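Take a look at the structure set out below.
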Amino acid sequence: MKRRPLFAAMALIALASNACTQHATYVKADSAALGRVVVYRNGIAYYERKASVDSDKLMLKVPADKVDDFLKSLTVTDAKTGLPLPVSFPAPGQQSPDGQVEMTIQLPDKTHREIVLTYVTEAPAWKPSYRVMVSDAGKVDLQGWAVVDNTSGEDWNAVKVGVGSSSALSFRFDLHSIRLVHRETLQSQDTFAKAPPLGGSLLHTGEDESVLAQLDDAEILREAGHPDVMAETIAATKAPRDVAMRKEVAKAEARSGRAGNALGDMMSAQGYAHAGPAAAPTPQYKLAGKDTAPNEEQRLRSLADSLKGKKAKVVIEGYANGGEADANDKALDRANLLRNQLIERGVAPAQLQAVARGVVAGQKAGVRLVEQKNTDAAKAADDNGAPVGESHFESGTPMTVLKGTSAMVSVVQGAATGEVVYLYDAEGDHGDAKYAFRSVRFINPTTSTLETGPVTVYGSGRFIGEGLTDPIPPGATAVVPFALDRQVVVDRDGSTGDRISKLVKLSRGVLTAEVMHQKTTKLKITNRLGTATTVLVRHNVARGWNITKSPQIVEKFGDSHLFGLAVGPHESKTIEIEEATPMTRTVDLRTPVGLDLVKVWLDSAKDAPDAVKGLKQVLQFHGDMANATETIESLRERADEYRNRMDELHAQLFSLKAVKTAGPLMTHLAQKMKEMSDKVSAGTLAIVGEQEKLLMSKVKFHDALAELTLEKTALASAK
């Protein structure tokens, strides 16, 4: 059914001749002329009419489907006194054959009055469009137009037309229908039966949460330096002794008169292997005792990608097996492992919360991801905090817009502070990772928000590009890309790292700490132009990350930051943007990852003095181990050189046996060979001595780790 516009029906207004008139006489509403229309972006329009009345009644006809909007917003006031006037209307179902509902405005008497009527009803939203003329003088000419469509069914003759937008809410509400309140009827001796609760999927935990994924302990990736990875490494490398080395030591001891193999016996008793080739580097992640398979990494990335599209908060619940030592700590560690890996793959830290559920009947060790719905946190996550702008523009002089036509209303006209710059936006939907866009930057000179719309850019009497702007608050800076000329090239690189910010728990060499997970974006910007230019870098900061190092921030809007950089002709400059977010990590201090984290923390540690003292001692013993290992490797390399020389001499002596005159030379070579053999023996004994030092340092290192135990309470009291 075709809907009749409310304002077309309002063009018919009835003036009653006296209070006793049974049938009103309707006339064209010249006396209720439309004086003002303001069209808004939320699908409504505000109308203002004035009527001259000499009777005691004013009759209005309104389409039945518009009555609710009309009743919700209608105001009728006496222009002179400003007092409101009452309105009566028939009950639902009582409408004229043409589908109109009559409304009567009752006036106190038949005195001549000026009546002002205002109301709000549906209307097409207006559409903004902008023009920018750029010059080299640091100014731009800005024009803004609003496209308004008149679908009212009546001409707007000499009407002041305005447009606006605001945070005002608008909705439909039924005010015309009669409402009856149904009251409860009570009867005696009624029998009530209670139905059982509805069954459902086990993956639904309640109305406000649902399970997104579930991983067993064997499916959780372990980070480099994690105690579980270290345990596997020790088990894999604790085996075969270096038989060749034992033989060399035995020979050297026999030649030097030393009895037995005290070093070998001592090392065997301690469970250590002889120093040998360095173990293979620990992989960054481990899964179920093997290197991470590509499909496991892909599954983790798919999980991260699915979470990025969600607005609700996600709780990562960690679980432990019954009888597992430190069950709550193990459960929390599993949850933090997955949280850290999801953050590293782009999920906003503020969206993820790790909690320990400990031992739960029927739940195996692992993690479960639960989406929290309809919570204040979820609503906050869906809002970047950007203000809702308001605007109001109105034509200075009345204008005529015929029914069924559209008009352009000027909303902005004049100079604004602005310039041509380059914008690098690699993170936008239509951004470019290699080149910066040529853009126009200007400041909104009005006291209203400029709504989202297309921007046509002109320069020196010619068209140079088009762009699209986001809403621009009053006095805010807009940067609108309009061309990609590839004159500014950007090379992008990035890195990540961790730095301990707070110790949480330290027990027998296993450290749980809050670390600041840092990611650094490095950009090398090259200007190919023969003139200097300004390059703006747009960088989005996800919720939960904080910028710790960056160039000057030119503008900030929601999660988006603009950094400014002046680049000379044919010049290259490098900038770094560093962000950090807190994570909880558990590492084994016997691993390079754990020791490196501790070294960085000790450089600036100001709390937990007992931990500082113990960790410094551990690092000292580890340094002694490293020095001994380095010396052993150096001695081995030298011994290998001597052995190679001995092999060469042996071959030369063998070849000279058939030469009758080679006696003196063979004697000389034999002496050299003996010297090499003595050096090998001395080197072997030196290696034995260094291995003794290495063993002692290892014992001290592990003993210090075993003694270094600080619980949460001790760490807290030290602050």
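The values are calculated or read from the model by the stated rules, or taken from the named source; none is laboratory data. From a predicted model like this one, the values you see are computed outputs, not experimental measurements. Here Cβ is always computed from backbone atoms with ideal geometry, including for glycine, and neighbour counts include all displayed protein chains.
Might you check whether a residue that is modelled with pLDDT of 85 or more and either surrounded by 10 or more Cβ atoms within 10 Å (Cβ to Cβ) or in contact with a helix residue (DSSP H, G or I) (Cβ under 6 Å, 6 or more places away or on another chain) (or both) occurs anywhere in the stretch 164-174? Give the steps one after another, and end with the answer.
If we filter the stretch 164-174 for residues that are modelled with pLDDT of 85 or more, which is where we start, we get 164.
Pick out the ones that are also either surrounded by 10 or more Cβ atoms within 10 Å (Cβ to Cβ) or in contact with a helix residue (DSSP H, G or I) (Cβ under 6 Å, 6 or more places away or on another chain) (or both) and you get 164.
So far as the stretch 164-174 goes, yes, one or more of its residues are modelled with pLDDT of 85 or more and either surrounded by 10 or more Cβ atoms within 10 Å (Cβ to Cβ) or in contact with a helix residue (DSSP H, G or I) (Cβ under 6 Å, 6 or more places away or on another chain) (or both).
Please pick out the residue among Val567, Val515 that is in contact with a helix residue (DSSP H, G or I) (Cβ under 8 Å, 6 or more places away or on another chain), β-branched (Val, Ile, Thr) and not assigned by TED's automatic domain parsing to the domain that holds Arg438. Show your work before the answer.
On the way: Val567 fails: in contact with a helix residue (DSSP H, G or I) (Cβ under 8 Å, 6 or more places away or on another chain).
Just a single option satisfies the conditions, and that option is Val515.
Out of Ala293, Ala312, which single residue is among the aliphatic types (A, V, I, L, M) and either loosely packed, with under 15 Cβ neighbours inside 10 Å or modelled with pLDDT of 90 or more (or both)? Walk me through how you get there before you give the answer.
Working: Ala312 fails: either loosely packed, with under 15 Cβ neighbours inside 10 Å or modelled with pLDDT of 90 or more (or both).
The match here is Ala293.
Determine which single condition Thr667 fails, assuming it passes every other condition in (1) within 27 Å of Leu708 (Cα to Cα); (2) part of a helix (DSSP H, G or I); (3) among the hydroxyl-bearing types (Ser, Thr, Tyr).
Here Thr667 meets the rest and fails (1).
Before we move on, is Gln353 part of a strand (DSSP E or B), touching a residue at least 40 places away in the same chain (Cβ under 8 Å), within 21 Å of Pro582 (Cα to Cα) and outside the structural domain of Pro582 (by TED's automatic domain parsing)? Let's see the steps before the verdict.
On the way: part of a strand (DSSP E or B): yes; touching a residue at least 40 places away in the same chain (Cβ under 8 Å): yes; within 21 Å of Pro582 (Cα to Cα): yes; outside the structural domain of Pro582 (by TED's automatic domain parsing): yes.
Here the answer is yes, as Gln353 does meet what is asked.
Just one of (1) of a type in the set (Gly, Ala, Ser); (2) crowded, with 17+ Cβ neighbours inside 10 Å; (3) free of Cβ contacts under 8 Å to residues at least 60 places away in the same chain trips up Gly594, so point out which.
Condition (3) is where Gly594 drops out.
Can you list residue pairs whose Cβ atoms sit under 8 Å apart, with the first residue in the stretch 560-579 being modelled with pLDDT of 95 or more and hydroxyl-bearing (Ser, Thr, Tyr) and the second being assigned to a loop (DSSP other than H, G, I, E, B) and surrounded by 14 or more Cβ atoms within 10 Å (Cβ to Cβ)? Count only pairs 6 or more apart in sequence or on different chains.
none
Scan the stretch 57-84 for residues that are over 20 Å from Val120 (Cβ atoms) and either among the aromatic types (Phe, Trp, Tyr) or at pLDDT below 80 (or both) and report the count.
Summing the residues that are over 20 Å from Val120 (Cβ atoms) and either among the aromatic types (Phe, Trp, Tyr) or at pLDDT below 80 (or both) in the stretch 57-84 gives 2.
Which ones in the stretch 391-416 are over 30 Å from Asp155 (Cβ atoms) and either without any contact (Cβ under 8 Å) to a residue 60 or more places away in the chain or surrounded by 14 or more Cβ atoms within 10 Å (Cβ to Cβ) (or both)?
If the condition is that a residue be over 30 Å from Asp155 (Cβ atoms) and either without any contact (Cβ under 8 Å) to a residue 60 or more places away in the chain or surrounded by 14 or more Cβ atoms within 10 Å (Cβ to Cβ) (or both), then Ala415, Ala416 are the ones that fit.
Checking Thr447 against (1) within 20 Å of Leu562 (Cβ to Cβ); (2) surrounded by fewer than 20 Cβ atoms within 10 Å (Cβ to Cβ), which test does it fail?
(1)
Residue-by-condition table, conditions (1) part of a helix (DSSP H, G or I); (2) more than 18 Å from Gly509 (Cβ to Cβ); (3) touching a residue at least 40 places away in the same chain (Cβ under 8 Å):
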| site | (1), (2), (3) |
| --- | --- |
| Val598 | yes, no, yes |
| Val618 | yes, no, yes |
| Gly623 | yes, no, no |
| Glu641 | yes, yes, no |
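Whether any residue in the stretch 605-613 is among the small types (Gly, Ala, Ser) and crowded, with 19+ Cβ neighbours inside 10 Å is what I want to check.
Within the stretch 605-613, the first condition is being among the small types (Gly, Ala, Ser), and the residues that meet it are 605, 608, 611.
With crowded, with 19+ Cβ neighbours inside 10 Å added as a condition, the list becomes 608, 611.
The answer is yes, given that some residue of the stretch 605-613 is among the small types (Gly, Ala, Ser) and crowded, with 19+ Cβ neighbours inside 10 Å.
Would you please name the residue that is farthest from Val618 (Cα to Cα), looking only at residues in the stretch 490-525 that are over 28 Å from the mean Cα position of the chain (by Cα) and part of a strand (DSSP E or B)?
Pass one, the stretch 490-525, residues over 28 Å from the mean Cα position of the chain (by Cα): 505-511.
Checking the rest, the ones that are also part of a strand (DSSP E or B) come to 505-507, 510-511.
On the way: Lys505: 16, Leu506: 13, Ser507: 14, Val510: 13, Leu511: 13 Å.
Filtering first and then ranking leaves Lys505.
Would you mention how many residues in the stretch 124-153 are in contact with a helix residue (DSSP H, G or I) (Cβ under 6 Å, 6 or more places away or on another chain) and either on the phi < 0 side of the Ramachandran plot or not assigned by TED's automatic domain parsing to the domain that holds Ala478 (or both)?
As a first pass, look at the stretch 124-153 and keep what is in contact with a helix residue (DSSP H, G or I) (Cβ under 6 Å, 6 or more places away or on another chain): 152-153.
In the following step, the residues that additionally are either on the phi < 0 side of the Ramachandran plot or not assigned by TED's automatic domain parsing to the domain that holds Ala478 (or both) were identified as 152.
Total satisfying the criteria: 1.
Out of the stretch 538-564, which residues are assigned to a strand (DSSP E or B), in contact with an Asp or Glu (Cβ under 8 Å, 6 or more places away or on another chain) and within 19 Å of Ala433 (Cβ to Cβ)? Lay out the reasoning, then the answer.
Of the residues in the stretch 538-564, the ones assigned to a strand (DSSP E or B) are 538-540, 546-549, 553-557, 560-564.
Add one more test, that the residue is in contact with an Asp or Glu (Cβ under 8 Å, 6 or more places away or on another chain), and what stays is 538-540, 546-549, 557, 561-562.
Residues satisfying the conditions are Arg538, His539, Asn540, His561, Leu562.
Is it the case, given these coordinates, that Lys613 is under 30 Å from Met696 (Cβ atoms), in the same structural domain as Glu707 (by TED's automatic domain parsing) and not aromatic (Phe, Trp, Tyr)?
Values: under 30 Å from Met696 (Cβ atoms): yes; in the same structural domain as Glu707 (by TED's automatic domain parsing): yes; not aromatic (Phe, Trp, Tyr): yes.
Yes, satisfied.
Residue check: is Gly683 crowded, with 16+ Cβ neighbours inside 10 Å, assigned to a helix (DSSP H, G or I) and assigned by TED's automatic domain parsing to the domain that holds Glu707?
On the way: crowded, with 16+ Cβ neighbours inside 10 Å: yes; assigned to a helix (DSSP H, G or I): yes; assigned by TED's automatic domain parsing to the domain that holds Glu707: yes.
Answer is yes for this residue.
Hey, any hits in the stretch 136-154 for a residue that's more than 20 Å from Ser406 (Cα to Cα), in contact with an Asp or Glu (Cβ under 8 Å, 6 or more places away or on another chain) and surrounded by fewer than 20 Cβ atoms within 10 Å (Cβ to Cβ)? Can you show your working first?
From the stretch 136-154, those more than 20 Å from Ser406 (Cα to Cα) are 136-142; that's our starting set.
In the following step, the residues that additionally are in contact with an Asp or Glu (Cβ under 8 Å, 6 or more places away or on another chain) were identified as 138, 140.
If we keep only those that are surrounded by fewer than 20 Cβ atoms within 10 Å (Cβ to Cβ) as well, we get 138.
Yes, because at least one residue in the stretch 136-154 is more than 20 Å from Ser406 (Cα to Cα), in contact with an Asp or Glu (Cβ under 8 Å, 6 or more places away or on another chain) and surrounded by fewer than 20 Cβ atoms within 10 Å (Cβ to Cβ).
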